[in-house]
1. Considering only DSSP states other than H, G, I, E and B, which trypsin sites (Lys or Arg not before Pro) in the stretch 1-109 qualify as loop sites with at most 12 other Cβ atoms within 10 Å?
2. Counting other C-beta atoms within 10 Å, which of MET57, MET36 has the fewest, and how do the rest follow?
3. Please report THR92, THR70, THR110 as a ranked list, fewest other C-beta atoms within 10 angstrom at the top and most at the bottom.
4. Treating the angle as unsigned and between 0 and 90°, give the value, to the nearest 10°, between the Cα long axis of helix 130-144 and the longest Cα principal axis of the chain.
5. Would you kindly state how much longer the chain becomes between ALA46 and ARG111 on full extension, computed as 0.36 nm times their sequence separation minus their alpha carbon distance, in nm to one decimal?
6. Simple spin-label model, 7 Å along Cα-to-Cβ: ASP17 to HIS59 in nm?
7. For the stretch 125-176, which GluC sites (Glu not before Pro) are in a loop by DSSP, counting at most 12 other Cβ atoms within 10 Å?
8. With axes computed from alpha carbons, what is the tilt in degrees of helix 94-110 against the longest principal axis of the chain, rounded to the nearest 10 within 0 to 90?
Amino acid sequence: MIPVPPGSLSLTIVEGDIAAQDVDAVVNAANNALWMGSGVAGALKARGGREIEEEAMRHGPIAVGEVVVTGGGRLPARHVIHAAVMGQDLRTDATFIEQATRNVMRAAATRGIRSLALPALGTGVGGFPLDECARVMMAAVRAEAPTCPALREVRFVLYGRRAYEIFRKVANERPS
């Protein structure tokens, strides 16, 4: 566990299934049209139901970097925050990942969310490097943390041991 900022918010890193997380909100690594294909989106739709995708798509398309909040369907989480980290070309970069992460935190703040689970945004179909993703997302979470008074836990939920180990390593690096 890594405290961010002191005493108010904990950052945890776990290996597991984001669709199984019992938190207030889970984050979907979305495209800007908000259709849910494979990867994180596919796992959330398979467990939570097609109604999540249908609700999300009613709000799209959105700009890359923006977010839409929907209900959680049959997920343990009450909400899904769909973070558009790529367009229809399915490409992303550090700027889009940072913007989306910051907007996830802002959406969590406006809804009084206390616990939030995030995947490694853009690292699946988007092909973004895991280590750089971890640095960008952790920096964005730290930067927005003071604006999220209700938020107590941000949980990075990584699929696979390699992703988990990379996020753990980055979390233990000294900020430059």
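Read the figures in this text as sums done on the coordinates, not as results from a lab. Just so you know, these numbers come straight off a predicted model, no measurement behind them. Quick reminder, even Gly has a Cβ in these numbers, built from the backbone with ideal geometry, and neighbours come from all protein chains shown.
1. Loop-located and lightly packed - ARG58, ARG74.
2. Least to most surrounded, the residues fall as MET57, MET36.
3. Starting with the residue having the fewest Cβ neighbours, the order is THR110, THR70, THR92.
4. 80 degrees
5. Contour length minus Cα-Cα distance gives 20.9 nm.
6. Using points 7 Å along Cα→Cβ, the separation is 2.5 nm.
7. Passing both the DSSP loop test and the Cβ count: GLU173.
8. 90 degrees
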